[in-house]
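Novice: Attaching a single structure in C-alpha cells format; questions to follow.
What follows draws every value from the coordinates through simple rules; no lab data is involved. As the structure is a prediction and not an experimental result, all values here were calculated from the model. Backbone-built Cβ (ideal geometry, glycine too); neighbour counts: all protein chains shown.
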Ligand code: RP5
C-alpha cells in the first residue's frame, strides 16, 4: 500500500517517489485518486528500465509546487514529463507553459463526464504550448510515448522498443493462426 492506495507496491513506487538515481521521466498527477490510472505509465517506465520519479502536483491546490516542479524539471535532468489530471484538467498545460520539455497529458476518467472534460481540457491547448495528449485513461501509451522520445538519443532503448513492437505483432499473428486452425 502506497499513498493510501491498495495494490501499489513499494518496488514500483518507492516511498520517496524516485526509482533510479537520476530520473529521466517525471510522472505527476493532480491527486492521489489518479494513481491507479497513472500506474500504467510507471509500469512501462519500469519495464523499459527508465529511471523515473512520481509525485502529486495539483495545479489549483498546490500552485507554488507546480511552479517549482515545472521550472526545475529540465535543470534536474528530466527529459519528459507525464502529467495526469481529471476534470478541469489544467495541470499538463500549466506544466508545459513553464518547461521546455515535452509534456504528455493523460486525461483521467471522471465519474460525472467519463473523462470527456479531462480530454478536452488537455487536448485543446492553444497554439505555441503543446501537450501530447493520449486517450482517456491510457497512461500506458503515455509511458510508451515517453520511452519513444528518449529513443532518439538511446539506441539501446530503440532496440527494446522494436522488440516490444515485434512481440505485439507476434501476439496478433498467433491470434490469427488460432482462428484459422
Ligand atoms: C483533479 O481532480 C485530479 O487530477 C483528479 O483527477 C480530480 C479529483 O481529485 P480528488 O477529488 O480525487 O482529489 O485535480
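Novice: Order the peptides 57-66, 148-157, 31-40, 77-86 from the highest to the lowest mean number of other Cβ atoms within 10 Å of their residues.
Specialist: The packing order, highest mean first, is 77-86, 31-40, 57-66, 148-157.
Novice: Further, regarding this structure: At a 10 angstrom cut-off on C-beta neighbours, averaged per residue, how do the peptides 127-137, 45-55 rank from highest to lowest? Show your work: numbers first, answer last.
Specialist: Values: 127-137: 16.8, 45-55: 19.9.
Ranking, from highest mean packing down: 45-55, 127-137.
Novice: Continuing with this model, one more query. Would you order 22, 118 from fewest to most other beta-carbon atoms within 10 Å of each residue's own beta-carbon?
Specialist: Ascending Cβ contact count within 10 Å gives the list 22, 118.
Novice: Multiply the residue separation of residue 61 and residue 22 by 0.36 nm, subtract the distance between their alpha-carbon atoms, and state the gained length in nm to one decimal.
Specialist: This chain segment gains 11.3 nm when fully extended.
Novice: Using alpha carbons only, how many angstrom separate the centre of the range 19-71 from the centre of the range 116-161?
Specialist: Taking the Cα centre of the range 116-161 as reference, the centre of the range 19-71 is 14 Å away.
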